[in-house]
Amino acid sequence: MNEMSEKASDDGQPAAKIDVPKERQFVGLDAYRKAIDACDVVVITGPPGYRPLHFEYAVNAGKHVFMEKPVATDPAGVRRVLASAEEAKKKNLKVGVGLQRRHQPSYQEAIKRINDGEIGDLVTLRCYWNGSHPAKQPFDRGSLSELEYQVRNWYFFAWLSGDHICEQHVHNLDVCNWIKNGHPVEAQGMGGRQVRTGKEYGNIFDHHAVEFTYADGTRMFSQCRQIPGCTNEVAEHAHGTKGVVNLNGQHAELIVGKDRKWHASGGDAGYKNNAYQIEHDTLFDAIRNDKPYNEAEYGAHSTMTGILGRMATYSGQKIKWDQAMKLHKPMTTDAESWDAEAPVKVGDDGRYAIAVPGVTKFV
């Protein structure tokens, strides 16, 4: 045991179980290779722009994987993840993705009731991740190289985070895809930078509103906003010909007419209902008992839903899924040196080019 774990063992803290000597501590853009080589199960939680690279390496190395959402930030990355997911199946590797609502009992019950027809035929979907500023604050530039500066501020660069429509709102979009058992075929929307306009905020928007259309014509109306002083809501709503299901993480309800026919509360409170714990328990159960387990495909499709919405808001155009998925030029980099060129260039004024609807092309 190292010095940290020996000290922790005296006060009974969980760190007493940690054994990470110096030879298993790695730093730098190439550290993922050494860390993955040294373990049996990989947890991938770095900036999303690097997630396809890290997932690909882990699968090629024959490792089971849990990776956070979103699983990519551009169509090239989504295709890369889907290819690695197929390889993982061939190797019988288990893959979990951090879209924990899929493991929350209240969500599972609500969506079963929708599929059983308790709100009638599905008419439309609505979903929201509206709040104030993100918890992450900009990191000072100091003497950092341009690439390291952007990676340290990964949330505020679209090539690294996918913008907040992809990085956070993906949870709500995933619930709608889950209900539809598929993904949208096109999107149109609007967005911009209304209040978060400083150069320290990279090149992402602070609000997006998108209308998604599924293959059968069902519409899903999506909003995500990071503007203080506005109405906050993180929720999903499914409207049917007979009633509605309302979900907001902590509570779920099914209403027909004026009657509340079913409800559940508690959300993530308590171990048994803690979706964050359940998703890991389920993955490790699949590993230990050799059960089929691969969440990468729906994780990639829900990620691509966020990317599709971003393309629509950045360009101001109606974007089709198949059209977007064929784009070959990646936004990201596989660079493993901080001195490498950053995918996004900074201007002489210290600012980064911002998408302009009606001008920006989705390439």
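Take the Cβ-Cβ distance between V359 and D334 as r, set R0 to 25 Å, and report the resulting FRET efficiency rounded to the nearest 0.05.
Numbers: r = 29 Å, r/R0 = 1.17.
Calculated transfer efficiency: 0.30.
Taking the highest mean first, how do the peptides 177-184, 334-341 order by number of other beta carbon atoms within 10 angstrom per residue? Present the calculation step by step, with values, prior to reporting the outcome.
Numbers: 177-184: 19.6, 334-341: 13.1.
Result, highest mean Cβ count within 10 Å first: 177-184, 334-341.
For a quick protection proxy, order the peptides 28-40, 158-170 by their average other-Cβ count within 10 Å, most packed first. Display every interim value, and only then the final one.
Values: 28-40: 14.2, 158-170: 27.6.
Averaged packing, sorted descending, gives the order 158-170, 28-40.
Using Cα-Cα distances under 8 Å and only pairs 6 or more residues apart, what relative contact order does the chain have, in percent? List each step's numbers first, then the result.
Working: 734 pairs, mean separation 84.6, N = 363.
It comes to 23 percent, rounded to a whole number.
If you take the charge dipole of the range 134-185 about its Cα centre, with +1 on Lys and Arg Cβ and -1 on Asp and Glu Cβ, which of P184, H164, Q150 is farthest toward its positive end?
P184
So, with +1 on the Cβ of K and R and -1 on the Cβ of D and E, and no other charges, what is the size of the charge dipole of the range 212-363 about its Cα centre, to the nearest 20 debye? Before the final figure, lay out the partial values.
Details: 17 positive and 19 negative charges, 175 e Å.
So the dipole magnitude of the range 212-363 works out to roughly 840 debye.
What ranking, highest mean first, results for peptides 296-302, 229-235, 124-130 when packing means the other Cβ atoms within 10 Å averaged over each residue? Display every interim value, and only then the final one.
On the way: 296-302: 23.0, 229-235: 13.3, 124-130: 20.6.
Ranked from most to least packed, the peptides come out as 296-302, 124-130, 229-235.
Mean 1/r over all different Cα pairs, inverted: what Kirkwood radius does the range 17-67 give, in Å?
On the way: mean 1/r = 0.0877 Å⁻¹.
So the Kirkwood estimate lands at 11.4 Å.
Using DSSP to define loop residues, name the trypsin sites (Lys or Arg not before Pro) in the range 256-363 whose beta-carbon has at most 14 other beta-carbon atoms within 10 Å. Write out the running numbers ahead of the final one.
Details: sites: K258, R260, K261, K272, R288, R310, K318, K320, K326, K345, R351, K361; in loops: K258, K318, K326, K345, R351, K361.
Passing both the DSSP loop test and the Cβ count: K258, K318, K326, K345, K361.
At what distance in nm do the modelled label points of R351 and Q323 sit from each other, each positioned 7 Å from its Cα along Cα→Cβ?
Going from the R351 label point to the Q323 one covers 2.9 nm.
Antiparallel versus total DSSP beta bridges in the chain: what percent is that, nearest 5?
On the way: 40 of 56 bridges.
Percent antiparallel among DSSP bridges in the chain is about 70.
In whole angstrom, note down how far apart the Cα centers of the range 123-159 and the range 44-93 are.
Centre-to-centre distance over Cα atoms comes out at 21 Å.
Give the long-range amide H neighbours of V185: residues separated by 5 or more places, or on another chain, with amide H under 5 Å away, using H modelled in the peptide plane at 1.01 Å from N.
Close amide H contacts, sequence-distant or interchain: T213, Y214, A215.
Can you compute the radius of gyration and Dmax for the range 134-264, using only the Cα atoms, both in Å?
Radius of gyration, then largest Cα-Cα span, for the range 134-264: 18.0, 61 Å.
Taking the alpha-carbon set of the chain, what are its Rg and Dmax in Å?
Rg, Dmax (Cα atoms, Å): 21.2, 63.
Which value, in debye to the nearest 20, describes the size of the charge dipole of the range 192-264 about its Cα centre when Lys and Arg Cβ atoms bear +1, Asp and Glu Cβ atoms bear -1, and nothing else is charged? The partial results should precede the final answer.
Details: 9 positive and 8 negative charges, 24 e Å.
Taking the Cα centre of the range 192-264 as origin, the dipole is about 120 debye.
So for the pair A135, T197, with labels modelled 7 Å out along Cα→Cβ, what separation do we get in nm?
3.0 nm
Treating the beta-carbon of each Lys and Arg as +1 and of each Asp and Glu as -1, no other charges, what is the dipole magnitude of the range 36-89 about its Cα centre, to the nearest 20 debye?
On the way: 6 positive and 7 negative charges, 30 e Å.
Charge dipole, the range 36-89, about its Cα centre: 140 debye, nearest 20.
Bear in mind these aren't lab numbers, they're just calculated from the coordinates by the rules spelled out. Nothing here was measured: the structure is a model prediction, and the numbers come from that model. Glycine also receives a Cβ, built like all others from the backbone with ideal geometry; neighbour counts cover every protein chain displayed.
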